[in-house]
1. If R170 meets every condition in (1) of a type in the set (K, R); (2) touching a Leu at 6+ places or on another chain (Cβ under 8 Å); (3) surrounded by fewer than 19 Cβ atoms within 10 Å (Cβ to Cβ); (4) at pLDDT 90 or above apart from one, which number is that one?
2. Just to be sure I understand, how many residues within the range 19-41 are buried (at least 16 other Cβ atoms within 10 Å of the Cβ), of a type in the set (A, V, I, L, M, F, W, C), within 27 Å of E217 (Cβ to Cβ) and over 16 Å from the mean Cα position of the chain (by Cα)?
3. For residues in the range 26-63 being aromatic (F, W, Y) and part of a helix (DSSP H, G or I), which is nearest to A208 (Cα to Cα)?
4. Pairs please, first residue from the range 70-82 and at negative phi, second anywhere and surrounded by fewer than 15 Cβ atoms within 10 Å (Cβ to Cβ) and charged (D, E, K, R), Cβ atoms under 7 Å, 6+ apart in sequence or on different chains.
5. If a residue has to be part of a helix (DSSP H, G or I) and at negative phi to count, how many in the range 138-160 make the cut?
6. Can L203 be described as buried (at least 18 other Cβ atoms within 10 Å of the Cβ), touching an Asp or Glu at 6+ places or on another chain (Cβ under 8 Å), assigned to a helix (DSSP H, G or I) and at pLDDT 95 or above?
7. Tally up the residues in the range 120-131 that are among the aliphatic types (A, V, I, L, M) and loosely packed, with under 15 Cβ neighbours inside 10 Å, please.
8. Can you find, within the range 161-181, the residue that is farthest from A105 (Cα to Cα) among those that are assigned to a helix (DSSP H, G or I) and free of Cβ contacts under 8 Å to residues at least 40 places away in the same chain?
Amino acid sequence: MRVAVYYAPPAHDPLWRLGCQWLGRDPECGTPLTQPDLPDIAAFTADARMYGFHATLKPPMSLRPGAGWDAVVTAADDLAGRIAPFELPPLEVADLHGFIAIRDAVRSPALQGLADACVAELDHLRAPPSEAETARRKSSKLSARQLELLERWGYPYVFDTWFFHMTLTRRLTAEEHAVVMPRAQSYFAETLRAPRMVRELCLFTQAAPGADFMLAERIALRG
């Protein structure tokens with residue numbers, strides 16, 4: 001099993017419903033959903049669909065020997081008890097190196113601090129990545145700083161290289177991008193205008209390699 005700590009909108013937020021419908025799956029109940037009528041949407045959302053609609057705080061990790069699910073919940077609950085809810089910055093549909101994602105329109109120190117805390121304070125639960133996984137990451141043309149973070153934290157996009165994003169597609173061709181981007185912007189426009197708070201840590205689990213991630217626990221921020 002792998003475990004990840006994500007931001008996900010609350011179940012009553014229209015952004016959660018629309019994001020899950022865009023990807024074609026509700027990871028909280030496992031229900032397949034009808035996607036918008038857009039050519040090849042099932043194909044270009046396939047990878048994102050497996051992970052579920054989310055923004056990564058603590059990347060997916062295998063658990064070290066002796067660290068089970070109860071330890072994860074206890075550690076995440078302790079962390080959540082020390083962090084107060086805060087306002088999420090304005091969001092927008094944006095290009096992300098050829099991918100389409102929902103991004104923060106302005107950087108948020110509170111959001112960065114939450115991600116940093118999740119990475120650092122839950123790291124005692126993480127098993128070291130396999131040699132194959134590390135080699136795969138190193139083949140991705142990482143910077144020296146990203147390689148340093150990979151070696152220490154098992155993932156290259158944490159702390160100063162982290163950025164908030166909720167992935168909507170794989171990397172698109174220029175022709176696909178010209179069709180999908182305006183449709184995604186229109187699809188999410190109304191709900192992204194609404195203010196929203198970050199009130200929870202969401203624990204996602206993956207039962208086996210290649211399996212869909214499921215939202216297993218929502219833990220309220222209470223600091």
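The values are calculated or read from the model by the stated rules, or taken from the named source; none is laboratory data. Quick caveat: nothing in here was measured; it's all calculated off a predicted structure. For neighbour counting, all protein chains shown are included, and Cβ atoms are generated from backbone atoms with ideal geometry for every residue, glycine included.
1. For R170, the exception is condition (2).
2. 0
3. Y51
4. A80/R222; G81/R222
5. 12
6. Considered against the rule, which asks whether it is buried (at least 18 other Cβ atoms within 10 Å of the Cβ), touching an Asp or Glu at 6+ places or on another chain (Cβ under 8 Å), assigned to a helix (DSSP H, G or I) and at pLDDT 95 or above, L203 comes out as no.
7. Total meeting the criteria: 2.
8. That would be E175.
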